[in-house]
Amino acid sequence: MKKFLALLGARNKEYIRDRGSMAWGLLFPFLIIFGFSFAFSGKNQDVFKVAVHRPAEAMTQSLTSDFLKTQYIRFFDTDNLDAAVAKLRRHQIDMLVTLEPSPKYWINSSSPKGYILEKIITGQKTSHGEPFSKEIVEGREIRYVDWLMAGLLSMNIMFSSLFGVGYVIVRYRKSGVLRRIKATPVSAFEFLAAQVASRFLLILATSAVVLAGCRLFVDFQMFGSYLNLFLVLSLGALCLISMALVVASRVASEEFAGGILNILTWPMMLFSGVWFSLEGTNPVLQKVAQVFPLTHMVDASRAIMTEGAGLAEIGGHLTILATLAVVFMAASSILFRWE
Amino acid sequence: MTKAHIEANHLEKAYGKIKAVDGVSFGVQRGQCFGLLGPNGAGKTTTIEMMEGIIPPSSGEVLFCGEPLSKESQHKIGIQFQNTSLQDFLTVRECLDLFSNLYRHTRSKAELIDLCSLEDFLDRDNRKLSGGQRQRLLLALALINDPELVFLDEPTTGLDPQARRNLWTLVEKIKSEGKSIILTTHYMEEAYALCDEIAIMDKGKIIAQGAPKELLKLYFEGQYIEIPESDLQGKKPEIFNYPFHRKGENIEFHVPDVKLALAELITQDISLNHMSVRSASLEDLFLHLTGKDLRE
């Protein structure tokens, strides 16, 4: 334990005193968030989106309303009433309508589009002549920056894990630091555990600072539990740090390691849903993206942040992240060489 | 003969078809300073890295206190590498703290700071040390576990003469504490000054081994007389019946009896104003054994 703590402390000091890396690790997500917050601060495009709830047990398929034929409104069907109400709360849709068992519409009290749609639906009736009753929901709009937060946090952790551990161990190997440690009674496990723990703690600390800063300056929305979010980020960080250990297990050239790390990070950065939703993209791409740990980290943390998902709802992602972390750790422990 | 503190038995290390070390065997007695000498690429560093347990031998074995090397033996061994780095941004004091926490038994830091004269730069970033200061720190780290056996791999390479002398003094102090030392160097005077026994390596093999003075006595008789060629006044060096070789603008004769040789030079009316006489050195021994200069 004494050896582990000594190595952990030394690595922490090295990271904290490297002001360039430290500043970049903290500033990068802020800059992105502020940049996107500014870029997407204008109004959304003027498309009215109305979800039409048609329960699976709908009695009369022919039941309709002239309202549903209104031009310039995009209607789409849903069979999940609760999910649709949740989307309305987050302004992802502008109105929710159902015809059965009794005609009803829901609008968000703070949605300007909802206000206009209400003007249109008022006085309308179903084909059976029944009027619509009104339900109000509350909730703030999910902006792009709110949606982006989970992706950026995860991406920052990915870069910090892969380059902060992978690249550093390769640099240690090249400069002879590993050889010097190897000459002591420290085991490879003790050394690697200290590197993992150091980066893990620093990632959690910087993520907390980034979250607090963004909360203060961008006021992003958080519907779920911070504890659950940190559980996802922790598991994701462990998985990505272990992946970095695999990369760093034998490579002695910083240039080669940099190439491998770029090959790993770029596809994850682009196709893990950090910047845009993968819904509607090529199905093959969507399947490939499921291999990336970052995809599961982003999806799980985004579900917590924007949908208030609990652990049960993100259990699949957590299982995949934990499995990948174990596989990567086992592989790195087999592959690791001091020199 | 007493059991060796550490011994190398038929050590070999091959990289592909190239044999970096080719059947090296020797033993180091407790408290002895043993020098491995040879030019760059002779196999010195590879040999001691196998003895340190840093790289595995292709064949052969290393016995420390009669037992094969183990993680446990690292508690009793101190190593100063030829090329090594420490973690960035750590001060000298923090490096000492870090390494002292990696061993079960450690020497007092105050004692070590005093022994290696580190007090003037204790709070300096290890990357900002001069060559001599850095070597002293690396030596302190090699001694931090109060080892029985210390490996010093070219500890003075790249140091200025004063820093080199300071390090020799330090090695003498370590020797006086009764520790065994294995030292590699390509500085003959260093080996001569510090080592009780040396092994000269070339092309991965030991070509001579023994106490420096005994080796010189074994291979050399007589002295060297060096005279500028211009002082021979046109006479060819071959007229003197002594082996000779050219050293720049000088001729160096190897003579069995200085008195007789000087008498002959005087007879030939050779000016002795710029003459110098010296004994054979380990450098001469290496030249004698391999036919090439040690620093080639």
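None of the figures in this text is laboratory data; all of them are computed from the coordinates on show. What you are looking at is a predicted structure, and each value in this text was computed from that prediction instead of being measured. So basically every Cβ, Gly included, is an ideal-geometry build from the backbone, and we count neighbours across all protein chains shown.
Some notes on this structure:
- Kirkwood-based shape ratio for the protein assembly as shown, expressed as Rg/Rh from alpha carbons: 1.24
- Kirkwood Rh in Å, taken over region B:139-296 so that all alpha-carbon pairs contribute: 18.1
- Exposure proxy ranking for A:PHE292, A:PHE75, based on other Cβ atoms within 10 angstrom of each Cβ and starting from the fewest, stands as A:PHE75, A:PHE292.
- Using a Förster distance of 41 Å, the FRET efficiency for B:SER279-A:SER253 (Cβ separation, nearest 0.05): 0.25
- For the protein assembly as shown, adding -39500 (n - 2.57) for each run of n ≥ 4 DSSP H residues and dividing by the number of residues yields -14500 deg cm²/dmol at 222 nm.
- Normalised contact order of region A:48-137, rounded percent, pairs of Cα under 8 Å and 6 or more residues apart: 33
- Using a Förster distance of 30 Å, the FRET efficiency for B:GLU67-A:ALA331 (Cβ separation, nearest 0.05): 0.35
- Principal axes of chain B: Cα extent on each, largest first, Å: 71, 45, 37
- When peptides B:12-21, B:73-82 are sorted by average Cβ neighbour count within 10 Å, with the highest value leading, the order is B:73-82, B:12-21.
- Segments B:235-247, B:254-266 sorted - mean Cβ within 10 Å per residue, highest first: B:254-266, B:235-247
- Here region A:48-137 is treated with +1 on each Lys and Arg Cβ and -1 on each Asp and Glu Cβ, and its dipole about the Cα centre works out to around 380 debye.
- Inter-chain shielding of A:184-193 (mean C-beta neighbours from other protein chains, 10 Å cut-off): 3
- Long-range tail of P(r) for region B:221-279 (Cα pairs > 20 Å, %): 10
- Spin-label proximity, B:LEU122 to region B:90-114 - amide N less than 12 Å from point 7 Å beyond Cα toward beta carbon: B:92-94, B:96-97, B:109-114
- Pair-distance profile P(r), taking every C-alpha pair of region A:72-160, with 5 angstrom steps and integer %: 3, 13, 20, 20, 16, 9, 6, 5, 4, 2, 1, 1, 0
- Helix B:161-176 and the longest principal axis of the Cα set of chain B meet at an angle near 60°.
- Label-reachable residues, region B:44-84, where backbone N falls under 19 Å from a point 7 Å from B:HIS105's Cα toward its Cβ: B:64-79
- Dipole magnitude of region B:33-119 about its Cα centre (Cβ charges: Lys, Arg +1; Asp, Glu -1), debye to nearest 20: 100
- Sorted fewest first by neighbouring Cβ atoms within 10 angstrom, A:LEU88, A:LEU204, B:LEU216 come out as A:LEU204, B:LEU216, A:LEU88.
- Across peptide B:177-188, the mean count of Cβ atoms from other chains lying within 10 Å of each residue's own Cβ comes to 0.
- Of all aspartates and glutamates in the structure, the ones whose alpha carbon falls short of 20 Å from that of A:LYS3, not counting any fewer than 8 places away in one chain, are A:GLU14, A:GLU190, B:GLU72, B:ASP88, B:GLU94, B:ASP97, B:ASP146.
- Chain A, Cα convex hull volume normalised per residue, Å³: 149
- Kirkwood Rh (inverse of mean 1/r, distinct Cα pairs), region A:126-254, angstrom: 17.6
- In region B:1-100, lysine pairs closer than 26 Å at Cα, eight or more apart or cross-chain: 11
- Shielding of B:84-93 by partner chains, average beta-carbon count, 10 Å: 6
- Tail weight of P(r) past 27 Å, computed on alpha-carbon pairs of region B:14-151, percent: 29
- Mean Cβ neighbour count within 10 Å, used as a protection proxy, ranking A:323-334, B:273-284 highest first: A:323-334, B:273-284
- Within chain A, helices built from complete DSSP H runs that reach 18 Å or longer along their own axis (Cα positions) and carry a mean Kyte-Doolittle hydropathy of 1.0 or higher are A:19-39, A:144-161, A:188-217, A:226-248, A:315-335.
- Residues A:PHE230, B:PHE26, A:PHE191, sorted so that the one with the fewest Cβ neighbours within 10 Å comes first: A:PHE230, B:PHE26, A:PHE191
- Förster radius 41 Å - calculated FRET efficiency between B:GLU238 and B:ALA193 (Cβ-Cβ, nearest 0.05): 0.70
- Taking 16 Å as the cut-off, the amide N atoms of region A:214-247 that come nearer than this to a point 7 Å along the Cα-to-beta-carbon line of A:ALA322 belong to A:228-240.
- For the residues A:GLY123, A:GLY315, A:GLY176, a GNM of chain A with alpha-carbon springs under 10 Å puts the largest fluctuation on A:GLY123.
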